[in-house]
């Protein structure tokens, strides 16, 4: 499972272009006949074949000629081949977006006729099995592919199909067995290798998956599916020691496009720990060596780090650069890459690192000096670029006085900045800090709004005081600022939902080419854009209180060329009057920030179609025990002093173990290492926490029934350890919040990332 969505197949459109290879054809010949043919051929070539051998050869060829799929002399064979070919064509059409609704039935009909002509024909059986798999008729698909395997046990194609059928049934061990066998027979079968790697990933065999994807990427570097599954498997791996070979590979992976580089965060972090010998006791600083380290420099530009030891190292590097730069406002050329990378890292984590009083004094002086230079002299950007670069490590340029420099007549265009060797390292920083931000602010003014009573939606007109505070927080700091959505081959939301919940009957959705989806509280749009991009059967409306957040989301949707999504500024509490119902509603991490979560859920339930489903994500009370205690500590301090605590200084105090208590859950959270995420973690204006029992009450009060939890791999492992495996035969276990309560009692941190579950209206629960 990945963010709640699992592709029903191991790769995109795996059944297209599946004609057997030469190896597959050779494998259709039984071993006994194959060995005889090879022996006879050897004898004939050597001139040692006698009359008896030649007679045996004729007999063997006669047997081969009549063997299963090689009946080349009959008229029925020609008809069979034509039917299989037509079935292939129709099946390919059925898998295309906006496919003819009759294409799949035509494919099935012709494949069935083909099998009647040749009941043991491998190509026909294999194709019909794939068609039944695509239709979701898994038991029938399994029976058909077993017929094929009974006929040809060593067919790599049939084994590959059997693997996917087992995968769809949730029989991962069996799928692994079939894919492994297929790969052994046809070692060049990339599809089988990719599917085996995917199966490893689904089983939690992350090292095996990563290693196999590494082999595949050597020859399939442009395959988006393989690239992104490589990254997904890497996200679960830590480096146990430093490996130069691994570092070389990871540095290469950081140059990949169309991937979520943050998935490499843990692997890069642990690799850097071993390479730089970073420990709690000491951080060795060989400055020039670190300043040119390719792994460090590239990763600083791709994602923000979530590690206290590396944060300490980065702060030390920044301080060293600051002291050196302030001597004459210049910077050695071999330090520019590090300075630029640290500036990008600061942008990514939203300047979350603490600043000492001495640093603050120097930075304020630097900012004043830059302003004087640009106001009183004829200046060139190249002359002040090192100082600007240094400043950008400490401050958001858009909110500093330096921002005016980039609208100054002496300033070159962004293209000129990029093309000048002396200033090019400023290009990305200026583009992000100034131009992108300005575009975002302008775009926010034109965001579509919806309200049944008001002409506009803004802070002052929101429905209650909590909504106003939450809206103000996100208008000032859109959350989160993300870079990548990753990649999944577009698939069916319906199929993915059934894969996760085999007991769910979605027959009422049959015939619907597009599902109408509402993402309620979409923030900066990553979830909504992933939905619209990953699934080809959705039309998405995404709403949020914050126009700035929606503007950021619009920019990202344009970047990824996602056009089946509409962003609307709206309040969930008012949106119940929207003139449409939705097949799917997703509301992640929103209800628990409302003053009255039940009221918010009631509003959403009114928008849910009678046959629709709703996905909800809520904070766990058990998992956030330390957060709750720390919030109370902050509240007590404010009551005593009347002042809000400085968030950066408070973070530093936590990292330095200067606050009495156990706060490991907070400091180990990835949210702790960026400003918006940290604010959301421990400084949010409003928060509720839940238990499975509270969720049950919340759903019951709104006439909703629990479908099932969408757990992380860790949560699923904990569940199976406590209550046994989850599959179609015991799906009722996942259908019970009481059972999840039992699991969480034994594993209080399994929902550290929130409960994620599906529900639907009570009268429409259907169990197969």
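Tabulated values for the structure
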read-out	value
Calculated FRET value between residue 632 and residue 714, using beta carbons and R₀ = 35 Å, to 0.05	0.80
Gyration tensor verdict on the stretch 101-174 (Cα atoms; rounded if a/c is under 1.5, prolate if a/b is larger than b/c, oblate otherwise)	oblate
Least to most buried among 680, 746 (fewest other Cβ within 10 Å first)	746, 680
Residue 372 versus residue 694: modelled label distance in nm, points set 7 Å from Cα along the beta carbon direction	5.6
Exposure proxy ranking, count of Cβ atoms within 10 Å, fewest first, for 199, 368	368, 199
Kirkwood-based shape ratio for the stretch 445-618, expressed as Rg/Rh from alpha carbons	0.96
Segments 400-406, 251-257 sorted - mean Cβ within 10 Å per residue, highest first	400-406, 251-257
Highest average packing first - 331-344, 623-636, Cβ atoms within 10 Å	331-344, 623-636
Peptides 658-666, 231-239, 516-524 ordered by average Cβ neighbours within 10 Å, highest first	516-524, 231-239, 658-666
Difference of contour (0.36 nm per residue) and Cα-Cα distance, residue 662 to residue 703	10.8 nm
FRET efficiency, residue 625 to residue 576 (Cβ-Cβ, R0 35 Å, nearest 0.05)	0.55
Cβ-based exposure ranking for 548, 648, in which fewest neighbours within 10 Å come first	648, 548
Backbone N under 16 Å from the residue 560 label point (7 Å along Cα→Cβ), restricted to the stretch 534-554	534-543, 550-554
Net length gained if the chain between residue 102 and residue 235 were fully extended (0.36 nm per residue, minus Cα distance)	43.7 nm
Percent of C-alpha pairs per 10 Å bin, the stretch 307-438, short to long	12, 48, 34, 6, 0
Two-site FRET efficiency, residue 288 against residue 327, from Cβ-Cβ distance with R₀ of 22 Å, rounded to 0.05	0.80
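Throughout, read-outs are computed from the coordinates displayed, never taken from laboratory work. Keep in mind it's a predicted model, so treat the numbers as computed, not measured. So basically every Cβ, Gly included, is an ideal-geometry build from the backbone, and we count neighbours across all protein chains shown.
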